[in-house]
1. Send over a whole-number figure in Å² for the accessible area per residue of the chain, probe 1.4 Å.
2. Of the beta bridges DSSP finds with both residues in the chain, what % are antiparallel, to the nearest 5?
3. Give a quick list of chymotrypsin sites (Phe, Trp or Tyr not before Pro) in the stretch 1-94 that DSSP marks as loop, anything other than H, G, I, E or B, with at most 10 other Cβ atoms within 10 Å.
4. Can you match volume of the Cα convex hull per residue in Å³ to one of these, (i) 241; (ii) 119; (iii) 108, based on a calculation from the structure here?
5. Check each of the trypsin sites (Lys or Arg not before Pro) in the stretch 23-113 and keep only those in coil by DSSP with at most 15 other C-beta atoms within 10 angstrom; list them in order.
6. Using only Cα atoms, locate the centre of the stretch 40-59 and the centre of the stretch 98-122, then give the distance between them in Å, rounded to an integer.
7. Which percent of the accessible heavy-atom area of the stretch 13-132 goes to carbon and sulfur, probe 1.4 angstrom?
Amino acid sequence: MAAHVGFGVLIDEDTYSHTLPIYCSIFTAEVTAILYALKRISSYEYRDFCFYTDNMSFLQQLQNFDSSCHPVVAQMMVQLSSLKDRGFDIKFCWVLSHVGIKGNELVDLAAKSATIPFPFRVPFCNVSGYIK
């Protein structure tokens, strides 16, 4: 069993990584990474961004969003809406995982080697899944 669940984010040339409680799902970690990145870019002067992710499940939830979705996705949608209201143009692009794409490999490594805990309220769906 893994020692932790982590996430990594690459913005420009800077890599950020944090750990989440062990009972968080990989999906939760990946959407938390996107939420984290959205919050980081909110203070940037330039407004055009493309987020690359290998998480197809997230992209599907993004296209079919409803208020009963994963709670971190809901938070991410609020942040995304706020950024768009401020003139940000944010696109999401799917990339294949584990095929040597440099940025994707860097964030995977950052997630695996993360040591800094991220303050986080664990969604109930993760706790109940971990207990089962």
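The values are calculated or read from the model by the stated rules, or taken from the named source; none is laboratory data. Quick caveat, the model's predicted, so the values are computed rather than measured. No Cβ is skipped: glycine too gets one built from the backbone with ideal geometry, and neighbour counts run over all protein chains shown. SASA here: full protein model, heavy atoms, side chains in, ligands and nucleic acids out. Shrake-Rupley method; radii C 1.70, N 1.55, O 1.52, S 1.80 Å.
1. Averaged over the residues of the chain, the accessible area is 60 Å².
2. So the antiparallel bridges amount to about 50 percent of the total.
3. Tyr46
4. Among (i) 241; (ii) 119; (iii) 108, the one derived from this structure is (ii).
5. Numbers: sites: Lys39, Arg40, Arg47, Lys84, Arg86, Lys91, Lys102, Lys112; in loops: Arg47, Arg86.
Those satisfying the criteria are Arg47, Arg86.
6. A separation of 15 Å, based on Cα centres.
7. Summing carbon and sulfur atoms, their accessible area is 56 percent of the total for the stretch 13-132.
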